[in-house]
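Colleague: Have a look at the structure that comes next, please.
The values are calculated or read from the model by the stated rules, or taken from the named source; none is laboratory data. In this text, all values refer to a predicted model and were calculated from it rather than measured experimentally. Here the Cβ positions follow ideal geometry from the backbone for every residue, glycine too, while neighbour counts run over all protein chains shown.
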Amino acid sequence: MSETTTQNPATQLPANARARLQGLRSSAHPTAVFTSDLSVNEFLLVRKAGFEPIGLCVGSSIYHVGIQYGSWSKNQELEVLSQAMYHARELAMSRMREEARGMGADGIVGVRLEIKHVEWDADILEFVAIGTGVVHNHDREGFRAHDGGPFTSDLSGQDFYTLLNSGYRPIELVMGSCVYHVAHRGMLKAWSQVGRNVELEQFTQAIYSARELAIERMQVEAQTAKAEGVIGTTIHEKSYRWESHVIEFFAIGTAVAPLHVEIDAKDIPAPTFVLSVND
């Protein structure tokens, strides 16, 4: 699904972003402030895991999503739309990661990917990636991604701490996308099924195929990142003001690999029951 970005992400960062990165806390500026979107509990657990938050990392891409029509009566992937949705997210992620690289971070935790409609054009979407850049207190190289850059993860601070404490580390936020056209039923077929309990096999097959394509592409990204597996996988289904019967399946999760230190399964801490008191 990947499409080559013609520009270096570093050159795409605005001047304000580069200036902000220079003012963050680092070894060269120990008295400077850090910024973070971590909650209090997440912040403390990230610290306990041996990481220091440095600054908020943000990547953005305003993207015009093209139009591609499918056959009215055919189940099929809309490859132009699939590529657009994937590439726009990839641009936002690469710019967020470049900010992390610029601030000297070893990784990014709590990554969120958001998609927003802009007011001035219904066919334009804003893709935003945001997370907190962190640096490890000791083994900095041991936590980098497979390409030597910062790792990325959408795990919460609590899950991040538990993962490290169990002998695993995050490598990369991996994703897969598929925009699919679900075939319409013919008039005669629809009338023949009125009032009956019957599976709509054409619809079932379309949704099943689209979901599997998204998961498979996420899995390929994890293999490329040299991960052992993917945790925290979620699958989102949405139609972004497209025509009826067009839907996107988006799979995302954190690829992980074992740490250098071997931890016996019996030493992994048991999960703790937590009851939320929020409304």
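Colleague: If the requirement is being over 23 Å from Met96 (Cα atoms), without any contact (Cβ under 8 Å) to a residue 60 or more places away in the chain and more than 15 Å from the chain's Cα centre (by Cα), which of these qualifies: Phe143, Phe203?
Modeller: Phe203
Colleague: (1) in contact with a strand residue (DSSP E or B) (Cβ under 7 Å, 6 or more places away or on another chain); (2) farther than 21 Å from Met175 by Cβ; (3) buried (at least 19 other Cβ atoms within 10 Å of the Cβ): which one isn't true of Met93, the others all being true?
Modeller: (2)
Colleague: OK, next. Only one residue in Arg112, Arg95, Arg169 is in a helix (DSSP H, G or I) and of a type in the set (Lys, Arg), so which one is that?
Modeller: Arg95
Colleague: Would you point out which residue out of Asp147, Asp154 is in a loop (DSSP other than H, G, I, E, B) and crowded, with 21+ Cβ neighbours inside 10 Å?
Modeller: It is Asp154.
Quick grid of which residues meet (1) farther than 26 Å from Val40 by Cα; (2) hydrophobic (A, V, I, L, M, F, W, C); (3) at pLDDT below 90:
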site	(1), (2), (3)
Ala92	yes, yes, no
Lys116	yes, no, yes
Ala122	yes, yes, yes
Thr132	no, no, no
Arg140	no, no, yes
Phe160	no, yes, no
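Colleague: Mind counting the residues in the range 47-73 that are of a type in the set (A, V, I, L, M, F, W, C) and in a loop (DSSP other than H, G, I, E, B)? Show your work before the answer.
Modeller: Filtering the range 47-73 down to residues of a type in the set (A, V, I, L, M, F, W, C) leaves 49, 51, 54, 56-58, 62, 65, 67, 72.
Filter once more, keeping what is in a loop (DSSP other than H, G, I, E, B): 49, 65, 67, 72.
Matching residues across the range 47-73 total 4.
Colleague: OK, next. Here are some conditions: (1) touching a strand residue (DSSP E or B) at 6+ places or on another chain (Cβ under 9 Å); (2) surrounded by fewer than 20 Cβ atoms within 10 Å (Cβ to Cβ); (3) of a type outside the set (Lys, Arg). Asn41 meets all but one. Which one does it not meet?
Modeller: (1)
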